[in-house]
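Peer 1: What follows is a single structure, and I will ask about it in a moment.
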Amino acid sequence: MKPAELAAELARGKLRPAYLLAGAEPLLRDDALEAIEAAVLDAGPRDFNLDRLEIGRCEPGRLEEALGTLPVMAARRLVVLREGDGRGGKVDGGWATLLEQRLGQAEDGDATSVLVVVAEKVDKRNRWVKAFAAPAALVECDPPKGGRELATFIAEEARRQGVELEPEAAGLLGERVGPQLLLLRHEIEKAELLAGPGSRVTRAHVEQTVAAVAVVPGDVVL
């Protein structure tokens, strides 16, 4: 599943019992988590219905406890498990076993706790990763590969911000910034400020606001 597909599901009111947000692009992981958090917690009290855990800082039993806790004045609660930095911070051993068991029992639509696992890199051959099959979901949060995927992100980001981009402006953004998604987000905001609220962003606006920072394969970044 791509982040755009996740957003479409959540907009329709569909929630899955568990999600694995995996990929090298932190902006996509963070955006996906934010969208799931908003959908699960809605207007309910977050202090009681949100647990944030990190592998390497707690034991698997803490995850079991969090998933078994009932929501307070809400239909569901959210449990977020992140991989930690360094040794001992990855999903393996007892963590992997627990996730396989938990996801093997998951059923669509009846979970009182929604689990989200966040990881930068996963091996899709691992059993715990395969366990995020339907009704759970693996959300692929990798940076765009190639011009077409980059153009799709720029179009979706402009739409999210409510910015009307001329095709030539979008193309120049892609050329000058490349697949640096957080920077692209900021540059679209800057170009829209220059154009004026509600005005169409043209190539001229992008030329004035966006410096060429895209890294060409083979370049040395100092």
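Peer 1: Where does the Debye-calculated log10 I(q)/I(0) of segment 1-78 sit at q = 0.12, 0.21 Å⁻¹, using only Cα point scatterers of equal weight, no solvent?
Peer 2: Normalising to I(0) and taking log10 leaves -0.38, -1.10.
Peer 1: Here is a further query. Do you know the relative contact order of the chain, to the nearest whole percent, from alpha carbon pairs under 8 angstrom that are 6+ apart?
Peer 2: Relative contact order for the chain comes out at 23 percent.
Peer 1: Okay, next question. If Rh is defined by the Kirkwood formula over all Cα pairs and Rg also comes from Cα, what ratio Rg/Rh do you get for segment 142-213?
Peer 2: That ratio is 0.92, to two decimals.
Peer 1: What is the magnitude of the charge dipole of segment 141-205 about its Cα centre, with +1 placed on the Cβ of each Lys and Arg, -1 on the Cβ of each Asp and Glu, and no other charges, expressed in debye to the nearest 20?
Peer 2: In total the dipole reaches around 20 debye.
Peer 1: Can you give the extra length, in nm with one decimal, that the chain gains between A38 and R200 once fully stretched, where that is 0.36 nm per residue apart less the Cα-Cα distance?
Peer 2: 55.3 nm
Peer 1: Tell me what the chain gives for mean residue ellipticity at 222 nm when only DSSP H runs of n ≥ 4 count, each as -39,500 (n - 2.57), the sum divided by the residue total, rounded to 500 deg cm²/dmol.
Peer 2: Here the helix-only value at 222 nm equals -14000 deg cm²/dmol.
Peer 1: Using the charge dipole of the chain (Lys, Arg: +1 at Cβ; Asp, Glu: -1 at Cβ; taken about the Cα centre), state which of V177, V210, G84 has its Cα farthest towards the positive end.
Peer 2: G84
Peer 1: For the chain, what does the accessible surface come to per residue with a 1.4 Å probe? Please give it in Å².
Peer 2: 55
Peer 1: What residue among K145, K130, K121 has the largest mean-square fluctuation in a Gaussian network model of the chain, using Cα springs under 10 Å?
Peer 2: Comparing K145, K130, K121 in the GNM, the peak value goes to K145.
Peer 1: Right, something else. If you take the Cα atoms of segment 94-161, find Rg, then find the Kirkwood Rh from the mean of 1/r over all pairs, what is Rg/Rh? Intermediate results must be reported in sequence, preceding the final value.
Peer 2: Values: Rg = 15.7 Å, Rh = 14.4 Å.
With Rg and the Kirkwood Rh in hand, the quotient comes to 1.09.
Peer 1: Treating each Cα of the chain as an identical point scatterer and ignoring solvent, apply the Debye formula and state log10 I(q)/I(0) at q = 0.10, 0.15 Å⁻¹.
Peer 2: Reported log10 I(q)/I(0), two decimals: -0.54, -0.99.
Peer 1: Tally up the carbon and sulfur contribution to the accessible surface of the chain as a whole percent, 1.4 Å probe, everything protein left in place. If you can, show how the numbers build up before the last one.
Peer 2: Working: 6180 of 12260 Å².
Here it works out to 50 percent.
Peer 1: In this model, which of K14/K190; K121/K190; K90/K130 are farther than 28 Å apart at the alpha-carbon?
Peer 2: K14/K190; K121/K190
Peer 1: About the Cα centre of the chain, how large is the charge dipole given +1 on each Lys and Arg Cβ and -1 on each Asp and Glu Cβ? Please answer in debye to the nearest 20.
Peer 2: Its charge dipole is roughly 360 debye.
Peer 1: A further question on this structure: How big is the charge dipole of segment 102-149 about its Cα centre, in debye rounded to the nearest 20, if each Lys and Arg gets +1 on its Cβ and each Asp and Glu gets -1 on its Cβ?
Peer 2: The calculation lands at about 300 debye.
Peer 1: Related question: I want to check the label-to-label distance for L182 and V72. Put each point 7 Å from Cα in the C-beta direction and report it in nm to one decimal.
Peer 2: The answer from the label model is 3.2 nm.
The values are calculated or read from the model by the stated rules, or taken from the named source; none is laboratory data. Nothing here was measured: the structure is a model prediction, and the numbers come from that model. For neighbour counting, all protein chains shown are included, and Cβ atoms are generated from backbone atoms with ideal geometry for every residue, glycine included. We work out accessible area using only protein heavy atoms, side chains counted, and drop any ligands, DNA or RNA first. Shrake-Rupley method; radii C 1.70, N 1.55, O 1.52, S 1.80 Å.
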